[in-house]
Amino acid sequence: TATPTAPPSSAGATTGPAPDPTGAEGQPPVLRRGDQGPEVTELQLRLRQIGLYGGDVDGDFDREVESGVRTYQLTRVVLGDESGVYGAATRTSLESETSEP
């Protein structure tokens, strides 16, 4: 009589970590035109606090948000991110001078 065999175990298999929706290694995501969601809403609210965004707070990173980010980067001399892109350097600077929405 044959003895049924168990399916191969995956216990020794190595897989990479699950993708992290917040960005690499738990860092907040880099945001750019076309992105949507709650992180963009927070960005819109922070830009509004300092008078650089007057559009709808709708979670849509459109040209107006990009323009606000670019203006912020130019006036604060934030050089660590691509122009109009909300990356780590811009986020750190903006969060240091605004309150959490």
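Answer rounded, prolate or oblate for segment 27-101, using the Cα gyration tensor with square roots of eigenvalues a ≥ b ≥ c: rounded when a/c is under 1.5, else prolate when a/b is larger than b/c, else oblate. Let's see the in-between values first.
Values: a/c = 1.28, a/b = 1.19, b/c = 1.07.
Taking the square roots of the gyration eigenvalues as a ≥ b ≥ c, segment 27-101 is rounded.
Within a Cβ distance under 12 Å of A88, other residues only, what is the Lys/Arg minus Asp/Glu net charge?
On the way: positive: R91; negative: E25, D81, E82, E95.
Local net charge: -3.
Each reported figure results from applying straightforward, stated rules to the coordinates on display, with no laboratory input. Only a predicted model underlies this, so the values are computations on that prediction, with no experimental measurement involved. Methodologically, a virtual Cβ is constructed for each residue, glycine included, from the backbone with ideal geometry; neighbour enumeration extends over all protein chains shown.
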